[in-house]
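S.K.: Starting off with a structure, shown below.
Each reported figure results from applying straightforward, stated rules to the coordinates on display, with no laboratory input. Everything numeric here is computed off the predicted structure, so don't read it as measured data. Cβ atoms come from the backbone with ideal geometry, glycine included; neighbour counts cover every protein chain shown.
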Amino acid sequence: MLRIFRFIALLEAISTVILFFVAMPVKYILPRFMEVPEDIRLGTVRIAGSIHGFLVVVFVILLLMCWQSFNWKISRVLKYFVVSLIPIFSFWVEIDLKKVIEGEK
């Protein structure tokens with residue numbers, strides 16, 4: 001389960017970066033420089049946002065499952081949750097889980 005959670009944490013982090021640094025600039029910045037059809041502008045955010053939202057829900061469900069299965073302290077659970085909300089820092093969750101899997105923590 002930890003390996004799946006780690007993979008989802010990585011996907012969630014990547015989806016955040018894609019949403020903030022690809023989809024949102026296509027919607028808000030690119031039209032200032034060139035003609036972009038409205039369906040493309042809105043579609044990029046809708047698709048990236050939907051994927052990201054789905055991954056966030058899966059992330060939280062897996063976080064709760066791991067908390068119960070591995071008897072994690074509430075501090076770890078809250079730390080993972082809070083850090084996952086910060087776009088670039090969410091990669092830290094995946095790195096920390098790698099250490100947990102390898103037995104360093």
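S.K.: DSSP loop (so not H, G, I, E, B), at most 16 other Cβ within 10 Å: list which GluC sites (Glu not before Pro) in the stretch 1-41 pass both filters.
M.R.: Answer by residue number: E35.
S.K.: Stretch I101-V83 to full length: gain in nm at 0.36 nm per residue minus the Cα-Cα span?
M.R.: Once the chain is fully extended between I101 and V83, it gains 4.6 nm.
S.K.: Please report, in debye to the nearest 20, how large the charge dipole of the chain is about its Cα centre when each Lys and Arg carries +1 at its beta carbon and each Asp and Glu carries -1 there.
M.R.: So the magnitude is around 320 debye.
S.K.: Please report how many Lys pairs in the chain have alpha carbons closer than 16 angstrom, counting only residues at least 8 apart along the chain or sitting on separate chains.
M.R.: Going through the chain pair by pair, I get 4.
S.K.: What length, rounded to one decimal in nm, is gained on full extension from I47 through to F7, with 0.36 nm per residue of separation minus their alpha-carbon distance?
M.R.: Contour length minus Cα-Cα distance gives 12.4 nm.
S.K.: Right, another one. Quick one: what are the phi-derived ³J(HN,Hα) couplings along the stretch 67-82, Karplus 6.51/-1.76/1.60 with θ = phi - 60°, whole Hz, x for glycine and proline?
M.R.: 4, 6, 5, 10, 6, 5, 5, 4, 4, 5, 4, 5, 4, 4, 5, 5
S.K.: Based on the alpha-carbon gyration tensor of the stretch 66-105 and its eigenvalue square roots a ≥ b ≥ c, which shape applies: rounded if a/c is under 1.5, prolate if not and a/b is larger than b/c, or oblate?
M.R.: Oblate shape, in that a/c is at least 1.5 and b/c is the bigger or equal ratio.
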